[in-house]
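The values are calculated or read from the model by the stated rules, or taken from the named source; none is laboratory data. Bear in mind that the values here come from a model prediction, so they are computed numbers and not experimental data. Cβ coordinates were reconstructed from backbone atoms using ideal geometry, including for glycine residues, and neighbour counts include every protein chain displayed. Ligands, DNA and RNA are excluded from the accessible area calculation, which covers all protein heavy atoms including side chains. Shrake-Rupley method; radii C 1.70, N 1.55, O 1.52, S 1.80 Å.
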Amino acid sequence: MVTKEALNSAINNHSIWKRRLISAIETGKSEFQTAIVQKDNVCEFGKWLESLPSIEKGTEDFQKVKDLHSKFHKSAASTLGLALTGKRDAAMEELNFSGTFGEISSKLSVALGNWKRKL
């Protein structure tokens, strides 16, 4: 079942990724592996999305969030990969609003907020 609490949790948990990526850029290290980060069904929100009933999965909001969530994870993994290979400037560029991660992250937050307002 889609709840405001679940969507709020998703917004909060995904915003933490920017801080994790900044830390990886600064230190060149992370407790996370890019191969795992790129998977959109490993995080709690991804598992929750997969668990929703078919009727929810058929909605436009679900489809939009699912697509952006997948792109978010691919972008986070790519940015993390840059950070872990010492490409700090390129990784930081990704975090900007004009960067892929920044843009997708923003779009995902908006889509989650829009979905939440409809509840």
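Taking the Cβ of ALA83 as the centre, find all other residues whose Cβ is under 13 Å away and add up their charges (Lys, Arg: +1; Asp, Glu: -1). That works out to +1. Charge tally for GLU103 (other residues, Cβ to Cβ under 10 Å; Lys, Arg +1; Asp, Glu -1): +1. In straight-distance terms, cross-link reach from LYS116 covers every one of the aspartates and glutamates whose alpha-carbon lies under 19 Å from its own, apart from those fewer than eight places away in the same chain; here that gives GLU5, GLU44, GLU50, GLU56, GLU60, ASP61, ASP67. Our coupling estimate for segment 20-27, obtained by passing each phi through the Karplus curve with A = 6.51, B = -1.76, C = 1.60 and θ = phi - 60°, is 4, 5, 4, 4, 5, 5, 5, 9 Hz, Gly and Pro reported as x.
A 1.4 Å probe run over segment 1-93, with the rest of the protein chains in place, finds 59 Å² accessible per residue. Applying the Karplus relation 6.51 cos²θ - 1.76 cosθ + 1.60 with θ = phi - 60° to segment 30-36 yields 3J(HN,Hα) values of 7, 7, 9, 9, 4, 5, 7 Hz, where x marks Gly and Pro. Of the GluC sites (Glu not before Pro) found in segment 13-119, those in coil by DSSP whose Cβ has at most 10 other Cβ atoms within 10 Å are GLU31.
The share of accessible area on the chain that comes from carbon and sulfur is 51 percent, using a 1.4 angstrom probe.
Computed from backbone phi with θ = phi - 60° and the Karplus coefficients 6.51, -1.76 and 1.60, the 3J(HN,Hα) list for segment 41-52 is 10, 9, 6, 4, 5, x, 5, 5, 4, 5, 7, 5 Hz; x is used for glycine and proline.
Once the C-beta distance of ASP67 and ARG88 is scaled by a Förster radius of 22 Å, the resulting FRET efficiency is 0.15 to the nearest 0.05. Largest accessible area first, the residues ARG88, ARG117 order themselves as ARG117, ARG88 under a 1.4 Å probe with ligands, DNA and RNA left out.
Shown for segment 9-71: lysine pairs separated by 8 or more places, or found on different chains, whose C-alpha atoms are under 27 Å apart, numbering 20.
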